[in-house]
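Below is one structure, written out as structure tokens; the observations come after it.
The values are calculated or read from the model by the stated rules, or taken from the named source; none is laboratory data. Owing to the predicted nature of the structure, the values given are computational and were not obtained by experimental measurement. Glycine gets a Cβ as well: all are built from the backbone with ideal geometry, and neighbour counts include every protein chain shown. The accessibility values were calculated without ligands, DNA or RNA, using every heavy atom of the protein model including side chains. Shrake-Rupley method; radii C 1.70, N 1.55, O 1.52, S 1.80 Å.
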Amino acid sequence: MFARAVRPTVSLARSLSTSSQNNAKVAVLGASGGIGQPLSLLLKNSPLVSHLSLFDIAHTPGVAADLSHIETRANVTGHMGPDQLDAALQGCDVVVIPAGVPRKPGMTRDDLFNTNATIVATLADACARNCPEAMICIIANPVNSTIPIASEVMKKHGVYNPNRMFGVTTLDIVRANAFVAELKGLDPARVNVPVIGGHAGKTIIPLISQCTPKVEFPADQLAALTGRIQEAGTEVVKAKAGAGSATLSMAYAGARFTFSVLDAMNGKEGVVECGYVRSEETECKYFSTPLLLGKSGIEKNLGLGKLSAFEEQLVAAAMTELKASIKKGEDFVANMK
């Protein structure tokens, strides 16, 4: 029953072709990067977006000019450099943040912390000042720490709303769906595996027992599949051999999550996506679970559902690392000059 409840209500393809319209201003912060460019392309292609505001520290005017030639309704503006950040954010309904440095071979998401923590704190500060009621969707890694960072910055400004702050973990769900479909010979568009926990290594917890349609694997194959989902990002980093990390699949996943947020804001009912958010579901302050989205953000946290014994072990194993990542993010903001 729970697995059926969390089935995504909108595929990316359907979002791109939908006739429903919304006058949403969406900002992409980090729009010139490896994730930002394909993400901006997907957003430009959607009738849910009326104004696409692109920001980065370089090359944004070119990206904006290129996208503005596409025959879809979204007006595109390009904003470059710190002096134009405020203008990029004013009046935004949704802000998507793929900004930051990507992983290279041998790096963990945590190795990105020092650089990306500063970037996310700066961007969250600008959001707090210019669009405090926007939905904030953070892709920048390490997500396990960058969501606590953004949350603490918003608190300092007195505008923190936990129902509007999301860590985008959708790529874990997309990967789980693809890998399960591959192993079982299913149509991946019809597979849904909820993924809970966080967005790094063993904190990524795919709930294969709640997959729709129902699937079963022998214990050794289940362990191998779980490990592949948890380390799928490293698989891409190694395959790109120093040329970057997961950008195209992350752009797809980021667009899927953004479209779900926009659909829910537009009044569509039953929109569910997993996301890393402020949570009371476990002993961790932040935890990813399936969320029912509404006009004002999170309408209801759908929780962990019924876990198998194997999945309960995965949750227990993730707690120490997840708590440490959350504390690291909170401490970063507390110690900011």
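Among strands (runs of 3 or more DSSP E) entirely within the range 154-226, having at least 2 residues that are at pLDDT 95 or above and under 21 Å from Thr247 (Cβ atoms) singles out 165-167. Annotation: Glu283 fulfils all but one of (1) of a type outside the set (A, V, I, L, M, F, W, C); (2) open to solvent by 40 Å² or more (accessible area, probe 1.4 Å); (3) under 27 Å from Ser50 (Cβ atoms); the unmet one is (3). Close contacts from the range 319-336, counting a first residue that is under 16 Å from Ala121 (Cβ atoms) and a second that is open to solvent by 50 Å² or more (accessible area, probe 1.4 Å) and modelled with pLDDT of 95 or more, with Cβ to Cβ under 7 Å and a gap of 6+ residues or different chains, come to Ile326/Lys285. Look at Ser249 and say whether it is assigned to a helix (DSSP H, G or I), at negative phi, in contact with a Leu (Cβ under 7 Å, 6 or more places away or on another chain) and surrounded by fewer than 20 Cβ atoms within 10 Å (Cβ to Cβ). When the stated conditions are applied, Ser249 passes them.
Looking across the range 305-337, the residues that are among the polar types (S, T, N, Q) and either in a helix (DSSP H, G or I) or touching a Cys at 6+ places or on another chain (Cβ under 9 Å) (or both) come down to Gln313, Thr320, Ser325. In this structure, does Val272 turn out to be crowded, with 17+ Cβ neighbours inside 10 Å and closer than 19 Å to Cys211 by Cα? Yes; evaluated as a whole, the condition is true for this residue. The single condition among (1) in contact (Cβ under 8 Å) with a residue 40 or more places away in the chain; (2) under 23 Å from Pro38 (Cβ atoms) that Ile196 does not satisfy is (2).
The set of residues in the range 316-332 that are within 19 Å of Ile147 (Cβ to Cβ) and surrounded by fewer than 20 Cβ atoms within 10 Å (Cβ to Cβ) comprises Met319, Thr320, Glu321, Lys323, Ala324, Lys327, Lys328, Glu330, Asp331.
Quick one: is His59 over 22 Å from the mean Cα position of the chain (by Cα), of a type outside the set (D, E, K, R) and either open to solvent by less than 30 Å² (accessible area, probe 1.4 Å) or at pLDDT 95 or above (or both)? Yes; evaluated as a whole, the condition is true for this residue. Scanning the range 91-100 for residues that are over 19 Å from the mean Cα position of the chain (by Cα), within 28 Å of Glu283 (Cα to Cα) and assigned to a loop (DSSP other than H, G, I, E, B) turns up nothing.
Among the candidates Asp111, Asp86, Asp125, which residue alone is closer than 19 Å to Thr234 by Cβ, part of a helix (DSSP H, G or I) and open to solvent by 10 Å² or more (accessible area, probe 1.4 Å)?
Asp111
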